[in-house]
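Everything below concerns the one structure shown next.
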Amino acid sequence: MSLVRVEAVTKEYLLGEQKVIALNDITLSFEEGVFLAIAGPSGSGKTTMLNIIGCIDTPTSGKVFIDEVEVTCRTPDELADLRARSIGFIFQTFNLFPVLTAAENVEYPLLQLPEISRDERRERVSRHLSIVGLERYAHHIPNQLSGGQRQRVAIARALAIGPRIVLADEPTANLDSRTGQGILDLMKEINRRYGTTFIFSTHDRRVIAMADRLVRIEDGRVAMLGLRVNEKWKLARQHAVVPSAQGRTE
């Protein structure tokens, strides 16, 4: 069963009086546990694709399914609730609250879930700061942290809700090479250890090199699909279905 499936998705925008087709009739599907890179040049539509998978944006036409349940017909409030419970987000600019400590930033999305008690919130915050190696920095505010540490806080925040999917939009873009590699290594380790599904929008070759699945988008269309087998890419151009994560070789 697919974790995410998009069928014949098209997204159009109006730029002044000109119609821009950001995505053009895309069909994709993939299963839980993938470490997937959606790659392409600037303006290719990769971030739009990420936003549609994350239910931040809705397609002009076509359907989106999460756990085989169609979400394109849901109301804005229903989509917000779905995001709050099932989808974690990591941004290139970190998007942390500057006046909150690292622990408070991680806790913030949990405050939107009334069924989670105060004690459970504290336990989740402590556990996820430990996972990203920042338990010593729980009471630091963002401007007391390095760029890499801020991104680790963002990763902990994304994981704290127990998401089915973590979406990362150019997560290494604002980091130096060494720090960025460390962040990628951390996310790959989380993927391997916990089976967390990661989907990246990126043009970073390091992300592509670490992915086990690749979707390349050009001019709003799927130009190439890749499945990593024995450390080499097996490419497909005709069938826009990302192969199963089961049985992958790492």
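Laboratory data are not the source of any read-out in this text; all were calculated from the coordinates shown. Nothing here was measured: the structure is a model prediction, and the numbers come from that model. A quick note on method: Cβ atoms are made from the backbone with ideal geometry, for glycine too, and the neighbour counts reach across all protein chains shown.
For the stretch 174-181, the condition holds for no residue, the condition being that it is among the acidic types (Asp, Glu), in contact (Cβ under 8 Å) with a residue 12 or more places away in the chain, buried (at least 17 other Cβ atoms within 10 Å of the Cβ) and under 25 Å from Arg206 (Cβ atoms).
If you go through the stretch 55-114 and keep only what is outside any loop (DSSP other than H, G, I, E, B), out of contact with any Cys (no Cβ under 9 Å at 6 or more places or on another chain), among the β-branched types (Val, Ile, Thr) and surrounded by 14 or more Cβ atoms within 10 Å (Cβ to Cβ), you end up with Ile90, Val106.
When Ile38 is tested against the conditions (1) in contact with a Leu (Cβ under 8 Å, 6 or more places away or on another chain); (2) without any contact (Cβ under 8 Å) to a residue 60 or more places away in the chain; (3) of a type in the set (Val, Ile, Thr), the lone failure is (2).
For the residues Thr75, Thr58, the requirement of being within 19 Å of the chain's Cα centre (by Cα) and β-branched (Val, Ile, Thr) singles out Thr58. Cβ separations smaller than 7 Å between residues 6+ apart or across chains give the following pairs from the stretch 7-34 residues that are touching a residue at least 12 places away in the same chain (Cβ under 8 Å) and of a type in the set (Phe, Trp, Tyr) to residues that are in a strand (DSSP E or B) and surrounded by 13 or more Cβ atoms within 10 Å (Cβ to Cβ): Phe30/Val4; Phe30/Leu36; Phe30/Arg213. Do we have any residue at all in the stretch 43-64 that's in contact (Cβ under 8 Å) with a residue 60 or more places away in the chain and in contact with a His (Cβ under 9 Å, 6 or more places away or on another chain)? Yes, the stretch 43-64 contains a residue that is in contact (Cβ under 8 Å) with a residue 60 or more places away in the chain and in contact with a His (Cβ under 9 Å, 6 or more places away or on another chain).
Among the residues of the stretch 132-154, at least one is aromatic (Phe, Trp, Tyr), under 19 Å from Met187 (Cβ atoms) and surrounded by 15 or more Cβ atoms within 10 Å (Cβ to Cβ).
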